[in-house]
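Peer 1: One structure, as structure tokens, below. Some questions next.
The values are calculated or read from the model by the stated rules, or taken from the named source; none is laboratory data. These figures come from a predicted structure and were not determined experimentally. Methodologically, a virtual Cβ is constructed for each residue, glycine included, from the backbone with ideal geometry; neighbour enumeration extends over all protein chains shown. The protein model used for the area step is the full one, side chains on, heavy atoms only, and it has no ligands, DNA or RNA in it. Shrake-Rupley method; radii C 1.70, N 1.55, O 1.52, S 1.80 Å.
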Amino acid sequence: MIHSMTGFGRASGTLSARYTITVTAKSVNHRFLETGVRLPEFFWELEPVIRAIASEAFSRGKLDVSVRVQRTSQPEYSVRINSQIADTIVPRLRAMAEELGLETHFSGGDLLRVPDLLQVEAIESEVTDDERDALTRIVRQAFTELLEMRGHEGRSLQTDILGRLETIRKLQKQLDSHRDEIRQEMIASYKQRVQEIASSAGIEVSADRIAQETVIMVEKADIAEELTRLAHHVEEIEKAIGGREAAGKKLDFLSQEMLREINTMGSKSRSAMLRTLVVELKTEVERIREQVQNVE
């Protein structure tokens with residue numbers, strides 16, 4: 001079964017008495033797997049863990065993972081007074097106050113307004129093994145929800161592609177059933193062209209020679225090989241869709257090959273009937289190509 005590359009997943013939980021988290025994961029189509037992770041600064045060390053889980057779960061797609069952390073207890077704080085700033089600015093402020101005839105007494109509130117004089121920072125302890133395990137579990141839950149959505153959309157894509165393959169088979173049968181009619185039309189057309197060319201050149205060509213050249217041209221213009229290869233590509237697409245491995249790249253390649261065979265058929269004859277069926281075939285294959293761009 002195929003999977004889409006578009007989806008969304010979310011999971012929440014408690015890491016420890018210190019933190020609760022919410023993990024959101026969303027993905028869109030992309031040629032390869034590209035994972036972006038957003039974490040608070042004090043959780044940066046866990047980014048490789050999340051990337052490793054993503055590589056296990058997905059093979060293609062642009063994946064964005066966001067981890068929001070909420071504290072459930074206050075951390076310890078480090079309070080530091082920048083004595084260098086204090087030793088420099090306080091004497092200068094006093095000298096300026098004396099010069100202007102102002103009070104030289106400064107309150108604590110006055111000093112706190114000095115930028116960078118007081119520095120308060122939360123003391124972040126390292127993430128524990130239990131917190132790491134809890135984060136891994138919650139990330140996997142979010143990815144599971146994302147995979148379920150990608151699988152649901154993949155089933156819709158599969159239904160659409162299989163329906164179009166059935167239409168392609170019907171069009172192939174129509175082309176095959178009209179091969180003799182198309183060949184007779186080409187024979188008549190080629191005979192007329194050879195006779196017109198010979199007449200314009202003032203050359204007489206025997207009926208046997210005309211027949212020989214016509215047969216050669218008709219054989220070159222026969223679409224039997226293209227129909228056979230097209231049928232093979234249809235079978236390969238069905239196998240890829242029914243397989244368990246990621247099939248997006250293979251489906252894209254096969255749909256390109258199908259278009260190549262169809263274009264070759266269209267270039268081989270001026271038959272109105274053939275060209276009409278070729279246009280219908282191209283329409284179906286182009287729609288398949290559009291769909292497989294979002295297949296993992």
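Peer 1: Could you give me the residue pairs with C-beta distances under 6 Å whose first residue belongs to segment 48-59 and is more than 13 Å from V37 (Cα to Cα), whose second residue is assigned to a loop (DSSP other than H, G, I, E, B) and open to solvent by 60 Å² or more (accessible area, probe 1.4 Å) wherever it lies, and which are 6+ apart or on separate chains?
Peer 2: From residues that are more than 13 Å from V37 (Cα to Cα), the pairs are S59/A246.
Peer 1: Confirm whether A272 is out of contact with any helix residue (DSSP H, G or I) (no Cβ under 8 Å at 6 or more places or on another chain) and either surrounded by fewer than 16 Cβ atoms within 10 Å (Cβ to Cβ) or under 30 Å from R155 (Cα atoms) (or both).
Peer 2: Details: out of contact with any helix residue (DSSP H, G or I) (no Cβ under 8 Å at 6 or more places or on another chain): yes; either surrounded by fewer than 16 Cβ atoms within 10 Å (Cβ to Cβ) or under 30 Å from R155 (Cα atoms) (or both): yes.
Considered against the rule, which asks whether it is out of contact with any helix residue (DSSP H, G or I) (no Cβ under 8 Å at 6 or more places or on another chain) and either surrounded by fewer than 16 Cβ atoms within 10 Å (Cβ to Cβ) or under 30 Å from R155 (Cα atoms) (or both), A272 comes out as yes.
Peer 1: Condition first: modelled with pLDDT under 70 and either hydrophobic (A, V, I, L, M, F, W, C) or under 13 Å from R270 (Cα atoms) (or both). Now tell me which residues in segment 202-213 satisfy that.
Peer 2: Once the filter is applied, which keeps residues that are modelled with pLDDT under 70 and either hydrophobic (A, V, I, L, M, F, W, C) or under 13 Å from R270 (Cα atoms) (or both), segment 202-213 yields V205, A207, I210, A211.
Peer 1: Name the one entry in E124, E196, E103, E98 that is more than 30 Å from A25 (Cα to Cα) and at pLDDT below 70. If you could, list the steps in order and put the result at the bottom.
Peer 2: Details: E124 fails: more than 30 Å from A25 (Cα to Cα); E196 fails: at pLDDT below 70; E98 fails: at pLDDT below 70.
Matching residue, one of E124, E196, E103, E98: E103.
Peer 1: Given S78, S73, which one is closer than 30 Å to V139 by Cα, at pLDDT below 90 and either of a type outside the set (G, A, S) or under 49 Å from the mean Cα position of the chain (by Cα) (or both)? Give the steps one after another, and end with the answer.
Peer 2: Values: S78 fails: closer than 30 Å to V139 by Cα.
Only one candidate qualifies: S73.
Peer 1: I'd like to verify a number: residues in segment 7-44 that are in a strand (DSSP E or B) and either surrounded by fewer than 15 Cβ atoms within 10 Å (Cβ to Cβ) or not hydroxyl-bearing (S, T, Y) (or both), how many? Spell out how you get there, then give the answer.
Peer 2: Kept after step one, since they are in a strand (DSSP E or B), are these residues of segment 7-44: 7-14, 19-28, 33-38.
Filter once more, so that each one left must be either surrounded by fewer than 15 Cβ atoms within 10 Å (Cβ to Cβ) or not hydroxyl-bearing (S, T, Y) (or both): 7-14, 21, 23, 25-26, 28, 33-34, 36-38.
Residues flagged as in a strand (DSSP E or B) and either surrounded by fewer than 15 Cβ atoms within 10 Å (Cβ to Cβ) or not hydroxyl-bearing (S, T, Y) (or both) within segment 7-44 amount to 18.
Peer 1: Report, by residue number, each residue of segment 264-296 that is of a type in the set (V, I, T) and farther than 11 Å from L171 by Cβ. Talk me through it step by step, then tell me what you get.
Peer 2: Within segment 264-296, the first condition is being of a type in the set (V, I, T), and the residues that meet it are 264, 276, 278-279, 283, 285, 288, 292, 295.
Within segment 264-296, T264, I288, V292, V295 meet the criteria.
Peer 1: What are the pairs with Cβ atoms under 8 angstrom where one residue, in segment 18-40, is of a type in the set (D, E) and the other, located anywhere, is open to solvent by 50 Å² or more (accessible area, probe 1.4 Å)? Sequence gap at least six, or different chains.
Peer 2: E34/K62
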